[in-house]
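Shown next, in structure tokens, is the structure this report addresses.
The values are calculated or read from the model by the stated rules, or taken from the named source; none is laboratory data. This structure is a prediction, so every number in the text was calculated from the model and none was measured. A quick note on method: Cβ atoms are made from the backbone with ideal geometry, for glycine too, and the neighbour counts reach across all protein chains shown. SASA here: full protein model, heavy atoms, side chains in, ligands and nucleic acids out. Shrake-Rupley method; radii C 1.70, N 1.55, O 1.52, S 1.80 Å.
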Amino acid sequence: MSIHTHVEAFFKNKRVVIATMHKKENIIRPLLKKMLGVDAYVPEGFNTDVFGTFTREVKRTGDQLEAAKAKARAALKITGADIAIASEGSFSAHPLFPQVTSNLEVVVLLDPKNAIEIVGHAQTTHTNFDQAYVSSLEEVMSFAKRIGFPEHGIIVRKSETSKKIYKDIQTWEELESLSKKLLKGFFTKRIFLEADMRAHRNPTRMISIEQAALDMIESITRTCPQCARIGFSKKKYIKGLNCSSCGLSTDVPGIFLYECEGCLTQEERKEGDVAPPEMCSFCNP
């Protein structure tokens with residue numbers, strides 16, 4: 001059987017649900033249709049905020065991957081679908097460059113009846129993740145421009161821990177009016193701003209989600225050389241790809257270990273010939 005036939009057989013007569021409330025289906029659903037021939041739908045009224053929010057009202061369920069799987073399992077439970085796809089994002093220091101903030105996205109496919117779990121990843125430093133206290137309208141506007149408002153959302157609150165959160169601000173006029181009102185408070189010296197990292201209010205993050213979804217789809221179409229099970233996925237990596245400029249070893253992965261979750265077959269594969277100079281600690285200290 002060809003790879004296409006194996007994938008087609010896996011999805012045949014199965015209902016696929018995308019566990020989201022923030023329009024991630026706008027990115028994921030067309031990719032599933034175009035690359036796998038799969039139709040997927042979103043559960044009506046599905047609330048992913050119960051699994052954690054970027055604005056910290058709700059603490060995330062477990063680690064990043066576990067939160068994504070929790071969303072998928074919940075969607076399966078309420079819909080009775082066969083397969084669920086969910087994603088979760090995080091923002092933290094880049095593992096190779098701690099001084100730089102990076103966005104890590106995971107997109108996971110769960111098929112509990114066949115004990116199949118396939119995960120796609122994407123990590124990038126291209127993010128508008130930002131937070132700041134500001135004390136004037138000029139500082140508000142400067143911050144908003146920096147994060148790409150109004151195409152990208154902004155969140156306003158009196159303090160980082162304030163329970164009153166202002167989201168879904170759509171225009172400069174709304175932002176100006178709200179900021180003036182809050183800054184005029186008797187005890188208010190400053191207010192807290194942050195970029196809205198919810199997917200439907202952050203086009204930059206949507207790009208990363210798309211890359212993670214593509215990585216997941218690539219894993220779906222990669223079959224085990226031993227048993228032909230779909231999802232022959234990257235499990236570990238070995239650093240050491242040489243810099244294209246100076247030739248020294250870098251922390252960029254050069255060899256990946258693939259593993260089948262069915263028969264546990266493993267295979268090392270070299271990927272890439274050289275690392276870019278910007279990823280080299282000698283050329284870019």
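Quick one: in the range 165-177, which of the residues that are more than 24 Å from the chain's Cα centre (by Cα) and closer than 14 Å to GLY148 by Cβ is least open to solvent (accessible area, probe 1.4 Å)? Per the criteria, the residue is LEU175.
Answer yes or no: is there a residue in the range 192-209 that is more than 24 Å from LEU32 (Cβ to Cβ), more than 27 Å from the chain's Cα centre (by Cα) and either modelled with pLDDT of 95 or more or not basic (Lys, Arg) (or both). Scanning the range 192-209 turns up no residue that is more than 24 Å from LEU32 (Cβ to Cβ), more than 27 Å from the chain's Cα centre (by Cα) and either modelled with pLDDT of 95 or more or not basic (Lys, Arg) (or both). Is one or more of the residues making up the range 53-60 in contact with a strand residue (DSSP E or B) (Cβ under 8 Å, 6 or more places away or on another chain), over 20 Å from ALA213 (Cβ atoms) and not basic (Lys, Arg)? So far as the range 53-60 goes, yes, one or more of its residues are in contact with a strand residue (DSSP E or B) (Cβ under 8 Å, 6 or more places away or on another chain), over 20 Å from ALA213 (Cβ atoms) and not basic (Lys, Arg).
For the range 204-219, the count of residues that are of a type in the set (A, V, I, L, M, F, W, C) and in contact with a Phe, Trp or Tyr (Cβ under 8 Å, 6 or more places away or on another chain) is zero. Among the conditions (1) surrounded by 13 or more Cβ atoms within 10 Å (Cβ to Cβ); (2) of a type outside the set (Ser, Thr, Tyr); (3) at positive phi, the only one that ARG29 does not satisfy is (3).
For the range 149-195, the set of residues classified as touching a Ser or Thr at 6+ places or on another chain (Cβ under 7 Å) and not aliphatic (A, V, I, L, M) consists of PRO150, HIS152, LYS158, LYS189, ARG190, PHE192, listed by residue number.
Quick grid of which residues meet (1) open to solvent by less than 30 Å² (accessible area, probe 1.4 Å); (2) farther than 30 Å from LYS236 by Cβ:
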| position | (1), (2) |
| --- | --- |
| HIS94 | yes, no |
| GLU105 | yes, no |
| ASN114 | no, no |
| TYR133 | no, yes |
| GLU139 | no, yes |
| PHE149 | yes, yes |
| GLU160 | no, yes |
| SER179 | yes, yes |
| ILE191 | yes, yes |
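The residues of the range 147-176 that are among the hydrophobic types (A, V, I, L, M, F, W, C) and in contact (Cβ under 8 Å) with a residue 24 or more places away in the chain, listed by number, are ILE147, PHE149, ILE154, ILE155, VAL156, ILE165, TRP172, LEU175. Of all residues in the range 222-250, those satisfying the criterion of being closer than 20 Å to GLU261 by Cα and among the polar types (S, T, N, Q) are THR223, GLN226, SER233. If we scan the range 69-88, do we find a residue that is open to solvent by 20 Å² or more (accessible area, probe 1.4 Å), assigned to a loop (DSSP other than H, G, I, E, B) and among the hydrophobic types (A, V, I, L, M, F, W, C)? No, the range 69-88 has no match at all. Residue count for the range 116-131 satisfying the condition of being touching an Asp or Glu at 6+ places or on another chain (Cβ under 6 Å) and open to solvent by 10 Å² or more (accessible area, probe 1.4 Å): 3. Residues of the range 33-80 being aromatic (Phe, Trp, Tyr) and within 30 Å of VAL156 (Cβ to Cβ), which ones? PHE46, PHE51, PHE54, listed by residue number.
With the requirement that a residue be part of a strand (DSSP E or B), open to solvent by 70 Å² or more (accessible area, probe 1.4 Å) and farther than 24 Å from ARG222 by Cβ, what does the range 232-276 give you? Can you show your working first?
Quick first cut of the range 232-276, residues part of a strand (DSSP E or B) only: 233-239, 242-243, 249, 253-259, 266-270, 275.
Adding the requirement that they be open to solvent by 70 Å² or more (accessible area, probe 1.4 Å) leaves 234-239, 242, 249, 266, 268-270.
Listed by number, the residues that qualify are ASN242, SER249.
Residue count for the range 32-52 under the criterion of being part of a loop (DSSP other than H, G, I, E, B) and open to solvent by less than 30 Å² (accessible area, probe 1.4 Å): the result is 4.
Scanning the range 7-22 for residues that are open to solvent by 80 Å² or more (accessible area, probe 1.4 Å) and either modelled with pLDDT of 95 or more or of a type in the set (S, T, N, Q) (or both) yields ASN13, ARG15.
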